[in-house]
1. Within the range 198-211, is even one residue at negative phi, buried (at least 16 other Cβ atoms within 10 Å of the Cβ), touching a Gly at 6+ places or on another chain (Cβ under 7 Å) and in contact (Cβ under 8 Å) with a residue 24 or more places away in the chain?
2. In the range 131-153, which residues are among the hydrophobic types (A, V, I, L, M, F, W, C) and within 14 Å of the chain's Cα centre (by Cα)?
3. In the range 9-23, is there at least one residue being touching a residue at least 40 places away in the same chain (Cβ under 8 Å), within 18 Å of the chain's Cα centre (by Cα) and farther than 28 Å from I180 by Cα?
4. Would you check which residues across the range 187-213 are among the hydrophobic types (A, V, I, L, M, F, W, C) and modelled with pLDDT of 85 or more and list them?
5. Among the residues of the range 166-217, which ones are part of a loop (DSSP other than H, G, I, E, B), under 20 Å from the mean Cα position of the chain (by Cα) and more than 30 Å from G145 (Cα to Cα)?
6. All but one of (1) outside any helix (DSSP H, G or I); (2) in contact with a Ser or Thr (Cβ under 8 Å, 6 or more places away or on another chain); (3) closer than 21 Å to L18 by Cα hold for V81; state the number of the condition that does not hold.
7. Checking S24 against (1) more than 20 Å from I134 (Cα to Cα); (2) part of a loop (DSSP other than H, G, I, E, B); (3) among the polar types (S, T, N, Q): exactly one of these is not met. Which one?
Amino acid sequence: MNPLVPPGVYAPQEDTALLAGALSDEALLVGAAVLDVGTGTGALALAAARLGCRVTAVDVSRRAVYAARLNAARAGLRVRVLRGNLFDPVRGESFDLVLANPPYVPAPGGGRRPRGAARAWDAGHDGRLVLDRICREVPAMLSPGGVLLLVQSALSDPDRTVGQLRAAGLKAAVTRRHRIAFGPVVRGRERWLRQRGLLATTDDEEELVVVRAELPV
């Protein structure tokens with residue numbers, strides 16, 4: 001059953017599928033506590049719920065929260081869906097797995113915070129407006145042995161993500177890579193990305209990666 005995607009809610013795309021593939025590789029126990037941050041339609045939260053996990057989904061968008069709740073009900077799956085900014089609604093809790101498909105596309109416009117639907121992809125001048133915060137805050141959200149699975153673009157420096165997570169005491173590495181044709185957002189700012197050196201003159205595809213990080217027991 002395909003999820004319903006109301007206007008203004010990020011539709012599942014190649015990055016969602018890439019992260020879902022990484023999720024399927026994890027040996028999760030039935031009843032494992034899973035957090036899906038930036039859930040959008042709830043597609044990844046539902047995938048985890050189908051594995052028998054106890055799933056919490058969070059999104060800052062009211063429309064996304066509504067969509068995720070509706071899609072969980074349609075699928076007959078139990079998912080706790082909360083509205084809030086990243087980890088704020090679940091402070092003090094810990095999880096066996098955190099899934100994150102945050103905004104990661106570099107955006108012109110200085111320090112302006114994105115508004116509306118653009119909150120799902122625009123992530124500041126270097127694409128790390130949310131990524132850096134996840135790297136700082138996720139260790140406190142993980143149970144011992146807990147895992148973060150995060151998808152991002154090569155445009156927003158996966159090596160920096162891995163380095164920050166390792167510096168925070170996690171075992172981290174890029175575990176999946178996938179090249180895709182430019183989507184409408186990247187096409188719309190292709191010239192700017194090339195001027196900044198984030199795209200080479202010969203690049204005609206964007207690389208997506210999954211970063212896996214584990215908190216030692």
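The values are calculated or read from the model by the stated rules, or taken from the named source; none is laboratory data. Owing to the predicted nature of the structure, the values given are computational and were not obtained by experimental measurement. Quick reminder, even Gly has a Cβ in these numbers, built from the backbone with ideal geometry, and neighbours come from all protein chains shown.
1. no
2. Those that are among the hydrophobic types (A, V, I, L, M, F, W, C) and within 14 Å of the chain's Cα centre (by Cα): L131, I134, C135, V138, V147, L148, L149, L150, V151.
3. No, the range 9-23 has no match at all.
4. Selection gives W192, L193, L198, L199, L208, V209, V210, V211, A213.
5. Result: F182, G183.
6. Among (1) outside any helix (DSSP H, G or I); (2) in contact with a Ser or Thr (Cβ under 8 Å, 6 or more places away or on another chain); (3) closer than 21 Å to L18 by Cα, the lone unmet condition for V81 is (3).
7. Of everything listed in (1) more than 20 Å from I134 (Cα to Cα); (2) part of a loop (DSSP other than H, G, I, E, B); (3) among the polar types (S, T, N, Q), S24 misses just condition (2).
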